[in-house]
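Below you'll find the structure, written out as structure tokens, and then a few comments.
The values are calculated or read from the model by the stated rules, or taken from the named source; none is laboratory data. Quantities reported herein were computed from a predicted structural model and do not represent experimental measurements. With ideal geometry, Cβ positions are generated from the backbone for all residues, glycine too; neighbour counts draw on all protein chains shown. Side chains included, ligands, DNA and RNA excluded: accessible areas come from the protein's heavy atoms. Shrake-Rupley method; radii C 1.70, N 1.55, O 1.52, S 1.80 Å.
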Amino acid sequence: SGLVEAVSPDGKKVPGLVKRGSVLTEGFTISTGAFAESVLLFSNGTVATLNEKTAVRISIFSQEPFEAGNANFEGMQNEPSQSHLSLSLLNGSVVVKTKKLNDLSIFNIKTSEGVIRVKGTEFQLGANPGQGVQLDVSESTVSFLPKGSSKPLQVNGGSGLDAAKGGATPRPISPIAAQKISTKNRFASVIASKVPLSTIKQA
């Protein structure tokens with residue numbers, strides 16, 4: 001909804017590319033304007049809602065072949081096959097819900113202040129140049145590796161942290177973020193439930 005644009009891997013805007021049912025590949029950046037948002041569905045079962053004024057680059061995405069059958073995403077508890085997904089949150093905020101990922105799968109989101117690593121959870125991640133990163137986790141656990149550090153910080157469900165130059169500060173989850181995570185992921189799951197796994201496999 002609203003103004004949602006795509007930028008190709010070579011840095012050029014692609015007018016009209018982002019619409020319902022569009023297929024975006026590795027290297028593309030998706031950005032939303034004021035009062036706009038976009039729901040992305042990945043073939044590993046991850047749904048990501050880009051809130052307004054957000055830009056996300058699909059840095060890496062690969063997945064092992066899988067059998068689709070007559071399944072859809074609504075009944076899936078686990079991802080259909082091993083995957084590697086790496087996103088870069090350039091600015092703004094994104095709300096994410098994943099299926100349980102394979103033990104060998106990789107899902108990272110890179111920010112200016114560090115990298116979060118995901119195995120299966122619900123969370124919101126915000127990043128603004130000059131203001132740092134805000135992470136709120138409503139379910140399961142996310143690890144955050146601050147820039148320049150070798151020790152990841154575990155952020156459990158019901159918790160959050162603020163990260164900026166100088167370190168990361170743990171805190172309870174923001175009540176506003178908790179509500180947004182619930183609302184956005186419920187809406188995104190309804191959209192994803194209508195998409196057959198065979199459609200995604202073909203794409």
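Once the Cα atoms of helix 175-193 and of the chain are each reduced to a long axis, what angle between those two axes, in degrees from 0 to 90 to the nearest 10, is obtained? On a 0 to 90 degree scale, this one is about 10.
The calculated P(r) of the chain, using every Cα pair and 10 Å bins from 0, goes 9, 37, 39, 15, 1, 0 in percent. Site pair LEU104 and SER193 shows an inter-label distance of 3.3 nm when each label is modelled 7 Å from Cα along Cα→Cβ.
Report the gain in length on full extension from LYS165 to SER62: 0.36 nm times residue separation, minus Cα-Cα distance, nm rounded to one decimal. Let's see the in-between values first.
Values: separation 103, 0.36 × 103 = 37.08 nm, distance 3.19 nm.
Here the answer is 33.9 nm.
Only protein atoms count toward the accessible area here, which uses a 1.4 Å probe; on the chain, the carbon and sulfur part of that area reaches 53 percent. Heavy-atom accessible surface of segment 1-132, averaged per residue, reaches 49 Å², computed with a 1.4 Å probe. With each label modelled as a point 7 angstrom along the Cα→C-beta vector, the ALA34-SER1 pair spans 1.8 nm. Between LYS119 and GLN154, the distance separating the two model label sites (each 7 Å from Cα on the Cα→Cβ line) works out to 0.9 nm. Distance from the Cα centre of segment 126-196 to that of segment 68-125, in angstrom? Spelled out, the Cα-based centre of one part sits 12 Å from the other.
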